[in-house]
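Q: Could you have a look at this structure, given as structure tokens, before my questions?
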Amino acid sequence: MPTETTGTPSTTALRSEIEADVRALRDSFDAGTTRGLDARLAQLAALRRGLRREEPRLARALAEDLGKSRTESALTEIGVVSQEIAHTMKHLRSWLRPEKLALGAMLAPASGELRREPLGTTLIISPWNYPVNLTLAPLVAAIAAGNTTIVTPSEVAPATSAALTHLLRSHLDPDWVRVVEGAVTETTILLEQRFDLIFYTGNAAVGRIVARAAAEHLTPTVLELGGKSPVFVDEGADLAVTARRIVWGKFTNAGQTCIAPDYLMATPRTLERLRPHLRRAVRALYGGRPERSLDYGRMVSAKHFERVLGLIDDDRAILGGTGEADADTRYLPPTIMQDVDWDDAVMGEEIFGPVLPLLAVSGPDEAIARIRSGDKPLTAYVFSPRRAVEERFAEETSSGSLALGVTLAHVGTPGMPFGGVGESGMGAYHGRAGFEAFTHAKPVVKKPLTPDTLKLVYPPYRGAKRRMLRRLMR
């Protein structure tokens, strides 16, 4: 994504349209359109109705772009947003309630409270891999927080982008939400504008571009990025259940999930016992011919198909491989690779596709050291029967989240904040965390003018007053 655009007539007109959208939303916010609780709840209710009404259109679009089944779309996209809306509407009144603050003896008598105020006009830049979920879930938070918002869906999933645009323009008030479809040019122009928060989900390379553009206006950002999320399987774990949970987390959406297990570590003995369970789990979930399964997705584009295909080493594939791939349908089979080395190509980048490398480690010590030696992942997974091992990963590794005995499902609950750390992102959302991300916590202090107890701290500082202040400030 470049950081500047040419001044062609078409670009000039586009810039004028985008600037007009931003200006209209800022005027709407300044007029107080989004301030009231009832107004926020009304927009959330409108979004919920629109989501229900447009579900068939969204499901068709997700099938066209990513090969998602109707059930997978309901489970990982539309249903997640519906739960987010319901949870937010239930709790919004309590989230808006001011929080009392203790001010201490120096300021007494006085009262203090923390109020959550909307930031203003915000920008949500959405990804293509879960284009409904990862567009609308942050929008729920933006609306609940009382902001106006521009949403820009990903052009890489064009059918879903069109369906989302139709939903938002048909069911939400343009004084609250506007949509800008497009690609690099549109996003670049958007990033030239001044926003009060930019929420971006995608890769770290573009995340840096977003952060640099935001810095021009000192705009805060929430960056939901990715990375190589590791799995460690400890000796003694229930390997049949472990295999099913890893296979489901890895191959859902054909592996195009920012928190998908990226690689698996275990001792050589555990790997030997785990491999047949992994193969059986793939067959149980997707059948002997995954290309015929209605529940197995497709790569989003030819570009991404070729990139992931190039990471597969057929000599090490114990399941799947390039021979079963089909470029015409963008089908990549569930692929498991054994005997992978740390310097192999598949370990050089986030896979973001249906390839699971197996790597041998000596035990928890080496697994923890390997995690600590790389960038902080978005999620880390541990399957262990030992509480002490789980606690070691919790205490000795850093990741956006840590999931013990489960993959993927933990991000579907609005009660659990979700976000990265370091290279995997900054900021968090879902439920109250999303509401807080899109608001400013403003302290409000009130002190009566009489009695004027502050005269105790006015100069000059001499004698008994100085001695008293020194005691109070210890």
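Q: Net charge within 11 Å of LEU223 by Cβ-Cβ distance, Lys/Arg positive one each and Asp/Glu negative one each, not counting LEU223 itself?
A: It works out to a net charge of -1.
Q: On to the next question. Taking square-rooted eigenvalues a ≥ b ≥ c of the alpha carbon gyration tensor, is the stretch 120-272 rounded, prolate or oblate, where a/c under 1.5 means rounded and, failing that, a/b exceeding b/c means prolate?
A: Prolate shape, in that a/c is at least 1.5 and a/b is the bigger ratio.
Q: Roughly how many Å is it from the Cα centre of the stretch 383-405 to that of the stretch 75-117, as a whole number?
A: Rounded to whole Å, the Cα centres lie 30 Å apart.
Q: In the structure displayed, which of LYS100/LYS455; LYS90/LYS442; LYS68/LYS303; LYS90/LYS376; LYS303/LYS376 lie more than 30 Å apart, Cα to Cα?
A: Long pairs (Cα-Cα over 30 Å): LYS90/LYS376.
Q: Only counting other Cβ atoms within 10 Å, I'd like ILE143, ILE351, ILE150 sorted with the fewest neighbours first.
A: ILE150, ILE351, ILE143
Q: Still on this structure, please answer the following. Can you grab the distance from the C-alpha centre of the stretch 446-467 to the C-alpha centre of the stretch 196-211, Å, no decimals?
A: Between the Cα centre of the stretch 446-467 and that of the stretch 196-211, the gap is 49 Å.
Q: So, one more: Give the order of VAL457, VAL389, VAL132 when sorted by the count of other beta carbons within 10 angstrom, beginning with the fewest.
A: VAL457, VAL389, VAL132
Q: Give me the net charge of GLN83's neighbourhood, meaning all other residues with Cβ under 12 Å from the Cβ of GLN83; Lys, Arg count +1, Asp, Glu -1.
A: Residues close to GLN83 contribute a combined charge of 0.
Q: Let me know the charge dipole size of the chain about its Cα centre in debye, to the nearest 20, where only the beta-carbon of Lys, Arg (+1) and Asp, Glu (-1) is charged.
A: 2840 debye
Q: Taking the Cβ of ALA441 as the centre, find all other residues whose Cβ is under 14 Å away and add up their charges (Lys, Arg: +1; Asp, Glu: -1).
A: So the surrounding residues net to +2.
Q: If you take the square roots of the eigenvalues of the alpha-carbon gyration tensor of the chain and sort them as a ≥ b ≥ c, do you get rounded (a/c under 1.5), prolate (a/b over b/c) or oblate?
A: It is oblate, given that a/c is not under 1.5 and a/b is not larger than b/c.
Q: What is the stretch 230-419 by shape, rounded, prolate or oblate, if you read a ≥ b ≥ c off the alpha carbon gyration tensor as root eigenvalues and call it rounded for a/c under 1.5, prolate for a/b larger than b/c, and oblate otherwise?
A: prolate
Q: Fewest first, what order do TRP248, TRP176, TRP128 take by the number of other Cβ atoms within 10 Å?
A: TRP248, TRP128, TRP176
Q: Moving on. List the residues whose amide H sits under 5 Å from the amide H of VAL406, counting only those 5 or more places along or on another chain, with H placed 1.01 Å from N in the peptide plane.
A: Here VAL382 satisfy the definition.
Q: By how many nm would the segment from ALA31 to ILE318 grow when fully extended, if each residue of separation counts as 0.36 nm and the alpha-carbon distance is taken off?
A: Working it through step by step, the gained length comes to 97.1 nm.
Q: From the backbone phi of the stretch 425-437, what are the Karplus-calculated ³J(HN,Hα) couplings (6.51 cos²θ - 1.76 cosθ + 1.60, θ = phi - 60°) in whole Hz, Gly and Pro given as x?
A: x, 8, x, 8, 8, 5, x, 4, 4, x, 4, 5, 5
Q: If you don't mind, there's one more thing I want to ask. With +1 on each Lys and Arg Cβ and -1 on each Asp and Glu Cβ, how big is the dipole of the stretch 230-419 about its Cα centre, in debye rounded to the nearest 20?
A: 740 debye
Q: Another question, then. Determine the calculated [θ] at 222 nm for the chain from helices alone, applying -39500 (n - 2.57) to every DSSP H run no shorter than 4 residues and normalising by the residue count; nearest 500 deg cm²/dmol.
A: -13000 deg cm²/dmol
Taken together, the values in this text are just the output of simple stated rules run on the coordinates, not laboratory data. The structure displayed is predicted, hence computed values, not measured ones. Methodologically, a virtual Cβ is constructed for each residue, glycine included, from the backbone with ideal geometry; neighbour enumeration extends over all protein chains shown.
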